[in-house]
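What follows draws every value from the coordinates through simple rules; no lab data is involved. These figures come from a predicted structure and were not determined experimentally. Heads up, the Cβs are rebuilt from the backbone with ideal geometry, glycines too, and the neighbour counts pull from every protein chain shown.
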Amino acid sequence: QALADNGIPFQIIPGVTTAVAVPAYAGIPVTHRGLASSFAVITGHEDPTKGRSSINWAKLATAVDTLVFLMGVKNLPEIVARLIEHGRPPDTQVAVIKEGTRPEQETVVGHLNNIVAKVEKHQLTPPAVIVVGEVVRLRDKLRWFDNLPLFGQRILVTRARHQAGILSQLLMERGAQPIELPAIDIRAIDDTQELDRAIGNLAAYHWLVFTSTNGVEAFFKRLAVLNLDSRALYGRQVGAIGPATAQALALRGIMPDYVPETYSGEGILAGLKSYPVRGKRFLLPRADIADEELTRGLSELGAEVHEIAAYRTVTEPAAIAQARRMLLAGEIQVTTFTSPSAVTNLVAAFQGAPTAINSSQVACIGPKTAGSAAKAGLKVAIVAREYTMSGLVAAIEEYFARER
């Protein structure tokens, strides 16, 4: 209305009203065959400057099966009194749903004659939606959102920002609230001469082994800059550390020749023992801070290894500072780590005394990251058996299932 009054053009984008969406997330349909054929949406907080209420309580109380009040928590005692006064039975079912559709959602169920006391006991505050009617009985059978395995858990995601979405989506699907505050960022290397030389000399290598999706992306970006494509890998055997890296390669037209059963550097080495690698030349495009486990292991198998920095791993100071504040305030239930570098950067924010991180449950994608976390003084509660995002989420689920 303000836009129209000031002559400003606008469009209205229709959406699902909270009057329907919030009860649905609490397992309460506003209508239901056999229970409720009608519903009404009423403001629970009228304009205080009005001379008197415009709600016709005498007709409203019994004329409609389901009543949905918006913004009515502070006026709940009056709403209850008016409904009972005008004929709604005191034992009518009522639900008050706070922060509906969000991981903080909380639902209090009662009857008109006791809902005020229950809301006060649970210290429910706005925003909330109030549902009055027999449809509330269906919540016990239809509740789904707050039954999700990770419902209400606030989980810190420390992955690089461009990669955090996959983990966050998996967590949200299970009812958690992911907090994306990356402890690392992935950047292009400043000097690409060595990488470019390696790409220009690919025919000299027998194997290319990629240990992350970041390595794949960085390598193929340089390939494109040099006016080359996946055909440049013709005749080379290609290894990928796990399914995510294999998928990144497949998207670029490369089906890896080798993916280990265990998705780690140690797993790569264990599997390659059955391959004729002695005397073969390996190219490893990796992070600038990658450890030497894989390089050393391949050399011990008799391979000639050329490890090269394809990208840089740097810190995210602003995000780390925010993560530190939330951990110190006790606002995080689980802290996830998917790489040793994320551990190093977040722990550094606590100046070597990561007590606040240990106030949350520390979850690591695999034993290598868990080892770095333990070495840094963290108490690791959760370690994924499968070293993938899905494996990490499954491990977090299993942990909370045991704790219930």
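Which FRET efficiency value, to the nearest 0.05, do you get for His86 and Arg252 by plugging their Cβ-Cβ distance into 1/(1 + (r/R0)^6) with R0 = 60 Å?
0.30
Please give the contour-minus-distance gain from Arg102 to Lys273: 0.36 nm per residue of separation, less the Cα-Cα distance, rounded to one decimal in nm.
That pair, Arg102 and Lys273, stretches by 56.6 nm at full extension.
Assuming 0.36 nm per residue, please report the length gained on full extension of the stretch Asn201 to Met172 beyond their Cα-Cα distance.
6.0 nm
About the Cα centre of the chain, how large is the charge dipole given +1 on each Lys and Arg Cβ and -1 on each Asp and Glu Cβ? Please answer in debye to the nearest 20.
400
Under a crude label model (7 Å from the Cα following the beta-carbon direction), how far is Ile55 from Ala348 in nanometres?
5.7
Output ³J(HN,Hα) for the range 68-75: one whole-Hz value per residue in order, computed from phi by the Karplus curve 6.51 cos²θ - 1.76 cosθ + 1.60 with θ = phi - 60°, and x for Gly and Pro.
In residue order, the calculated couplings are 10, 9, 9, 6, x, 4, 5, 9 Hz.
In nm, to one decimal, how far is the Arg33 label point from the Leu3 one, both placed 7 Å along Cα→Cβ?
In this crude label model, Arg33 to Leu3 measures out at 4.0 nm.
Pull up all non-local amide H partners of Gly366: gap of 5 or more, or a different chain, and H-to-H distance under 5 Å with H placed in the peptide plane.
Result for Gly366 returns Ala384.
Given 0.36 nm per residue, what is the gain on full extension from His122 to Leu328 after removing their alpha carbon distance, in nm?
Full extension from His122 to Leu328 adds 71.6 nm.
As a test, work out the antiparallel percent of DSSP beta bridges whose residues both lie in the chain, rounded to the nearest 5.
40
What residues qualify as long-range amide H neighbours of Thr66, i.e. H under 5 Å apart, gap of 5 or more or another chain, H built at 1.01 Å from N?
Ser38, Phe39, Ala40
So which chymotrypsin sites (Phe, Trp or Tyr not before Pro) in the range 6-50 end up in coil per DSSP with only 10 or fewer other C-beta atoms within 10 Å?
Phe10
How high is the FRET efficiency from Asn113 to His162, r the C-beta distance, R0 60 Å, rounded to 0.05?
So the FRET efficiency works out to roughly 0.65.
Can you give the FRET efficiency for Glu194 and Arg402, using 1/(1 + (r/R0)^6), R0 = 60 Å, r = Cβ-Cβ distance, to the nearest 0.05?
Using R0 = 60 Å, I get an efficiency of 0.80.
Exceeding 26 Å between C-alpha atoms, which entries from my cross-link table qualify? They are Lys59/Lys141; Lys121/Lys141; Lys118/Lys141; Lys273/Lys368; Lys98/Lys141; Lys59/Lys121.
Table pairs above 26 Å Cα-Cα are Lys59/Lys141; Lys59/Lys121.
Apply the Karplus curve 6.51 cos²θ - 1.76 cosθ + 1.60, θ = phi - 60°, to the phi angles in the range 106-111 and return the couplings in whole Hz, x for Gly and Pro.
For the range 106-111, the Karplus curve yields 9, 10, 10, 10, x, 10 Hz.
Just checking my list (i) 36; (ii) 51; (iii) 31 against percent of Cα pairs over 33 Å apart computed from this structure; which label fits?
Of the listed options (i) 36; (ii) 51; (iii) 31, (ii) comes from this structure.
Between Val16 and Lys221, what is the spin-label point distance in nm, taking each point 7 Å from the Cα along the Cα→C-beta axis?
3.7
What's the angle, to the nearest 10 degrees (0 to 90), between helix 389-403's Cα axis and the longest principal axis of the chain?
50
As I understand it, the value is the acute angle between the Cα axis of helix 164-173 and the longest principal axis of the Cα atoms of the chain; what does it come to in degrees, rounded to 10?
With rounding to tens, the tilt is 40 degrees.
With springs only between Cα atoms under 10 Å, which of Val383, Val73, Val393 fluctuates most in a Gaussian network model of the chain?
Result for the chain, Cα springs under 10 Å: Val73 fluctuates most.
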